[in-house]
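The values are calculated or read from the model by the stated rules, or taken from the named source; none is laboratory data. In this text, all values refer to a predicted model and were calculated from it rather than measured experimentally. No Cβ is skipped: glycine too gets one built from the backbone with ideal geometry, and neighbour counts run over all protein chains shown. These accessible areas exclude ligands, DNA and RNA; they are computed on the full protein's heavy atoms, side chains included. Shrake-Rupley method; radii C 1.70, N 1.55, O 1.52, S 1.80 Å.
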Amino acid sequence: MDLLRILDTKPIPTIVDGTTLGISGNTSGDYWLPTTMSLYQKELTDQIVSLHYSDILRYFETSHYKEDVILESMRTMCLNGSLVATHPYLLIDHYMPKSLITRDVPAHLAENGGKFNVLRDLINLVQEYETETAIVCRPGRTMDLLEALLLGNKVHIKRYDGHSIKSKQKPNDFSCTVHLFPSEGLNLVQHPIKSKARFDMLICLDTTVDTTHKDIQYILQYKREKKGFEKYAPIVRLVAINSIDHCTLFFGKKFDKNSREYLENVTAAMVILRDRLGTLPPDLRPIYSQKLHYLVDWLETPTVPWPLPDIYPLKQYTSMDVERSLLTEVHFKKSDDQLEDAFANYSKKRGRYGPNKLSSPNAVGIEDTDAPCFYSTKRLKNDYYTNPLKQDMTQLTGITTADNSSGVNYHLSSGIITHKLIQSMGEIYMDISLQKQELNDYSCLNDLQNDHLQSLLNKDEKIVEEHDEALRTNSENLNKSHELEIGSSSKLSQIETLEKEIEFLKKNLATQGERFAKLEELFIKTINLQDEIEKEERINKSKDTEREYMEQEIKRAGAAIRENDEETSKLGDKRRELENELKSKLGDTETIREELREKVALLKREIKLENDLNRELVGQLSKTMDNLENLSISRVRTQNGNMKKKPKTKNQVVYK
């Protein structure tokens, strides 16, 4: 199965749960986001270490060196490694574009820097919300590259160092604003913060950011409450995993940054981990392949625990480890995933022009591993040294047929039989027998399928009958409702005529005098009294029903109480029986225990007597063996018919 032809891209694995990831539930507000590194960054880091090879060995293996030279060399190596970990263009500007405001620059920067790629994915998530995000990094070229990267996002950019790569920015209606602060030389008096809301997040791009500095603290607490859980903005540190940034962040918490232990551990880890630069654990790779969408819940609610593991711990390496690592050659791959590389190479070879076209602009410099070699081409053309006429396989094997491309019965058109022909005939007959077997199987299943079809037809007929019956019932209901509507309309008309007659009679009574006029009031009072009487009767009936129900419930409760009392008494009797039985069994156990103790004592005495007897027998046996060894036995030998005796020495052996 060729996965490269079936799938367009590498399958994305699912993200594992938090327990498997090793999430610690960190809510401190200071989090780290590990990033990858590009192949260019890895190679540059290895070259930096190689340039300081002699100084590294002198620093770790000897103590007689000029401290101002060697220590400065180690610090320079760490600084260059940190610049490359942020972006390779901070150290090497060979491939840096002439203008940073062109349209293709953001993608170019993200492609060559793993940290910038992760930052772009993070800003792509943040720009969907109305947020204020602060980013702190080195001043100078780092801020220029960062601003160039953010020009590719839909965000407002506000820079607080007095410089900008784009002098005139077009007005836009983006909801997200990104504020760029330098980690050194920040002057908030000269460049005040231009934000009407608090900062939702502070991103540290490199390790030069000191979050305890008063200006950074002011940014973290800007327009926030003085007390409470959210008095500081959350900090997200972008750290290239296994790089100098990782080493600085980890060992900076254990040692003083001006101490010798700190410099030794950071330098040793940078040298030894250069073959694992930017290599994410397998559990984290799906998160980055899905463009950090795993962090959306945390971005919406920053008070929840950080959904990624804490900073991975590093070992404290020795000088022996450093020397061994320096003697090892490091090889890097463009990607840590072989399947991803395979898909990338296949897509490049396929391109827009197809896999067999060489006019593609990307074809230059790409090694086509699927191109047939010289011998494969010769084999496909039947161009062998022993086959000068380039005959096909039918002629080479001796199978001469009338038509090489004939159908199933091609073997019947030749009068020559070979082992190849016999083999092909056998395969065809085997295929025919398999087809016959399949046909017989289908014929055996035919009755079963017919029964299944008949059952489905019966179900269909039942469903049709039920549908017809439902239609008939519906029509009858419609007719009844129509009749009821007609009856209700006639009743309404009768009620209206009666009301009119009553009104007419009321007017006649009112015209006949006061005596007859009071009859109307009495009639209304009578009707009201009748309504109240009916209402009271209904209330009395409901109360009687409720009283009867309560009496029944009281009876049931009394019966339940009596049953509970009976069960309690039964359980008490059973408990007393069990206690008596337990006491009797305990007494029997004590008796058996005493008997066992007496038997054990008796057996011990017998064992002692047997041991004494055994020792006595062993003594007697040893005496007997000594006597046997000291006993001399005479040896008889016959020679020339005369009997002679010769004494046997102690070490001689008697043969019979």
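A few notes on this one:
- The range 203-228, residues that are part of a loop (DSSP other than H, G, I, E, B) and either crowded, with 17+ Cβ neighbours inside 10 Å or among the polar types (S, T, N, Q) (or both): LEU205, ASP206, THR207, THR208, VAL209, THR211, THR212, GLN221, TYR222
- Exactly one residue among VAL271, VAL239 is closer than 20 Å to GLN41 by Cβ, in contact with a Pro (Cβ under 7 Å, 6 or more places away or on another chain) and not hydroxyl-bearing (Ser, Thr, Tyr), and that residue is VAL239.
- Filter pass, ILE165 being of a type in the set (Val, Ile, Thr), surrounded by 19 or more Cβ atoms within 10 Å (Cβ to Cβ) and not in a helix (DSSP H, G or I): no
- Selection status of THR248, within 30 Å of LEU327 (Cβ to Cβ) and of a type in the set (Ser, Thr, Tyr): yes
- Take the conditions (1) touching a residue at least 60 places away in the same chain (Cβ under 8 Å); (2) open to solvent by 10 Å² or more (accessible area, probe 1.4 Å); LYS231 misses just one of them, which is (1).
- The sole residue among ILE193, ILE157 that is in a strand (DSSP E or B) and under 41 Å from the mean Cα position of the chain (by Cα) is ILE157.
- Single match in LYS604, LYS555, LYS570 (criterion: under 60 Å from the mean Cα position of the chain (by Cα), modelled with pLDDT of 90 or more, open to solvent by 90 Å² or more (accessible area, probe 1.4 Å) and on the phi < 0 side of the Ramachandran plot): LYS570
- Within the range 237-257, the set of residues being aliphatic (A, V, I, L, M) and buried (at least 21 other Cβ atoms within 10 Å of the Cβ) comprises LEU238, VAL239, ALA240, ILE241, ILE244.
- For the residues LEU509, LEU519, the requirement of being open to solvent by less than 90 Å² (accessible area, probe 1.4 Å) and in contact with a Phe, Trp or Tyr (Cβ under 7 Å, 6 or more places away or on another chain) singles out LEU509.
- Across the range 421-435, the qualifying residues are those that are within 50 Å of the chain's Cα centre (by Cα) and not aliphatic (A, V, I, L, M), and the one among them that is most open to solvent (accessible area, probe 1.4 Å) is GLN435.
- Positions within the range 72-130 being basic (Lys, Arg) and open to solvent by 10 Å² or more (accessible area, probe 1.4 Å), in sequence order: ARG75, LYS98, ARG103, ARG120
- Restricting attention to the range 34-71 and to residues that are among the polar types (S, T, N, Q) and in contact (Cβ under 8 Å) with a residue 60 or more places away in the chain, the residue that is most open to solvent (accessible area, probe 1.4 Å) turns out to be THR36.
- All positions within the range 176-203 that are modelled with pLDDT of 90 or more and among the hydroxyl-bearing types (Ser, Thr, Tyr): THR177, SER183
- Checklist (1) farther than 22 Å from HIS163 by Cα; (2) touching a residue at least 40 places away in the same chain (Cβ under 8 Å); (3) acidic (Asp, Glu) applied to ASP206, failing item: (1)
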